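The values are calculated or read from the model by the stated rules, or taken from the named source; none is laboratory data. A quick note: this is a predicted structure, and the numbers were derived from the prediction, not measured. Don't worry about glycine lacking a Cβ; one is built from the backbone with ideal geometry, like all the others, and counts go over all protein chains shown. Just so you know, the surface numbers come from the protein's heavy atoms only, side chains and all, with ligands and any DNA or RNA stripped out. Shrake-Rupley method; radii C 1.70, N 1.55, O 1.52, S 1.80 Å.
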2 protein chains.
Amino acid sequence: METQNASILLVDDEPDILEFLSYNLQKEGYNVFRASNGIDALKIARKVRPNLIILDVMMPQPDGYEICREIRRDEQLKDSVVAFLSAKSEEVSQIEGFKVGADDFIGKPVKPRVFLFRVQALLRRQNGVKETSNRIFFDDLMIDKESYTVVKAGITIELSKKEFELLILLSSKPGKVFSRDEIFLKVWGPEVIVGERTIDVHIRKIREKIGLGNIKTIKGVGYYFA
Amino acid sequence: METQNASILLVDDEPDILEFLSYNLQKEGYNVFRASNGIDALKIARKVRPNLIILDVMMPQPDGYEICREIRRDEQLKDSVVAFLSAKSEEVSQIEGFKVGADDFIGKPVKPRVFLFRVQALLRRQNGVKETSNRIFFDDLMIDKESYTVVKAGITIELSKKEFELLILLSSKPGKVFSRDEIFLKVWGPEVIVGERTIDVHIRKIREKIGLGNIKTIKGVGYYFA
DNA sequence: ACACACTTTTAATATTTGGTTAACACACCG
DNA sequence: CGGTGTGTTAACCAAATATTAAAAGTGTGT
């Protein structure tokens, strides 16, 4: 993968988190730079031009939003990929975050695998030749394929991997009816064989989380996203 | 091109050839599935319903011919486009191949450019026979096969499976009168036996949903779409 | 290595809905 | 008028899906 050797700038005022995240990133072969405040962050960013900048929202002085705004203003940095770190409680902050130009939101506490997965996705985006908008919007619903996140009416909803992949599939062609076979094939792959009810259960969980209206059933045919 | 994103099933017991061909196909953006024996091939084919199936003739157990025969027997697969791969020496085999219902013969060794060209041609054929789009328009009516819905004067109407299949049949040849027997055969299949009134009831439901004008009756003959 | 939390799958049960039927109404034609 | 073919309606039934809870599988942190 091209995403190896990428440089990442981590900005957080809590040394533990900085340590934890950079440990995980370095283990994967990324080139990690750290800053514990906004001033240093910008200074380093301008020097290094990192492929990805990860900002903690809650910081003294210039907080994450401020830094991000500054980055977007800076001619040389404005195309950087910026991700925010934040305690998952604060829903409002996400909207604010996207407003100032964030590319992703990662909720704390972070699990290593999820974190690395997202970083990878973000770097892919940066390299990405084509970018067909990885966010899908439907009235009050936003589905972000890269960050495995769904935001419904401003609040973030966590979906498991399978749930998310299923939702992505359905929402990739709103209106199109996906047969069970098609769903099995595209979400589980050709080899895997699981019981029929498995899909129903996942569908149910998704409906439970994002509401009943979005996924509809046509008996004998399949499911579709509306 | 419509032929992009097509799914192709490659079947060969020689891993090298499989690898070589799928590499070339994937490079062109095709969705490639592989199988190294007939059993797997049929299993995958039934799940995936590939647009094109490429079979090596010389394989242990069920050889290419056997697989092709089975495909032609299978109700769901019999309309697939099937191409054979074979060492070009064996001329006899071609006759056998066309007998079992092959659509094309590709001689080994294959050159990538020739191979891709043929694949393209075969996929065009597959699309050509079918409708160019899965939407059918009639003044203020749109029938969308993909979403099992009908849009009438801008508003979306949901149809059940049978209703939709019936409507698809009638609208596939506007003006043509379909006899009851023909409808039974094409919508219900040859085995299923249901009462005469069943059709009427479905016709009624469709009329109820999309309006009375579109489906007309000719007593003693059948129904047609106007 | 263990316990814990979380996801995925299974299995068993309930519920829904679409397809079918049957009974009857209507229309047309000799 | 009867006869034939179609329209209409409501009720039934079976198949498809929904819903649960519990088991099996996964990864994570201690």
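Values for this structure:
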read-out: B:Lys27-A:Lys78 FRET efficiency (beta carbon distance; Förster radius 35 Å; 0.05 resolution); value: 0.50
read-out: Candidate aspartates and glutamates - alpha carbon under 18 Å from B:Lys108, same-chain residues fewer than 8 apart omitted; value: B:Asp12, B:Asp13, B:Glu14, B:Asp16, B:Glu19, B:Asp56, B:Asp63, B:Glu90, B:Glu91, B:Glu96
read-out: Computed over chain A: relative contact order in percent, which uses C-alpha pairs under 8 Å that are six or more apart; value: 13
read-out: Whether region A:7-127 is rounded, prolate or oblate, judged on the alpha carbon gyration tensor where a/c under 1.5 counts as rounded; value: rounded
read-out: ³J(HN,Hα) computed for each position of region A:42-57 - Karplus, 6.51 cos²θ - 1.76 cosθ + 1.60, integer Hz, glycine/proline x; value: 5, 4, 5, 4, 5, 6, 8, 6, x, 6, 9, 10, 10, 10, 7, 5
read-out: Estimated FRET transfer efficiency when R0 is 51 angstrom, pair B:Asp40-A:Phe137 (beta carbons, to 0.05); value: 0.80
read-out: Nearest 10 degrees, 0 to 90: helix A:161-172 Cα axis against chain A principal axis; value: 80
read-out: Value of [θ]222 nm, deg cm²/dmol, for chain A, DSSP H segments ≥ 4, -39500 (n - 2.57) each, nearest 500; value: -12000 deg cm²/dmol
read-out: Label distances, nm, A:Val201 versus same residue in remaining copies, Cβ-directed 7 Å point; value: 3.5
read-out: Computed label-point distance, nm, for sites B:Glu66 and A:Leu212 using a 7 Å Cα→Cβ extension; value: 5.2
read-out: Gyration tensor (alpha-carbon) shape descriptor, chain A, a/c threshold 1.5; value: prolate
read-out: Cα shape, region A:1-64, gyration tensor, a/c 1.5 rule; value: oblate
read-out: Eligible aspartates and glutamates near B:Lys216 by straight Cα distance, threshold 15 Å, same-chain separation 8 or greater; value: B:Asp200, B:Glu208
read-out: Ascending list, in nanometres, of distances separating the A:Lys108 label from those of the other copies (7 Å, Cα toward Cβ); value: 6.0
read-out: Lysines whose Cα lies under 28 Å from that of A:Lys111, excluding same-chain neighbours fewer than 8 positions away; value: A:Lys27, A:Lys88, A:Lys99, A:Lys145, A:Lys152, A:Lys161, A:Lys162, A:Lys186, A:Lys205, A:Lys209
read-out: Rule-of-thumb Rg ratio for region B:161-225 [Cα; 2.2 N^0.38 Å; N residues]; value: 1.00
read-out: Selected from A:Leu185, A:Leu141, A:Leu166 as most flexible by GNM, with chain A as the system and alpha-carbon contacts under 10 Å; value: A:Leu185
read-out: Candidates A:Lys47, A:Lys108, A:Lys205, ranked by Gaussian network fluctuation over chain A, Cα under 10 Å, top entry; value: A:Lys47
read-out: Label spacing, shortest first and in nm, from A:Asp16 to its equivalents in the remaining copies (7 angstrom along Cα→Cβ); value: 5.9
read-out: Degrees, to the nearest 10: A:112-127 long Cα axis against longest axis of chain A; value: 80
read-out: Area accessible to solvent at A:Asp181, 1.4 Å probe radius, in Å²; value: 70
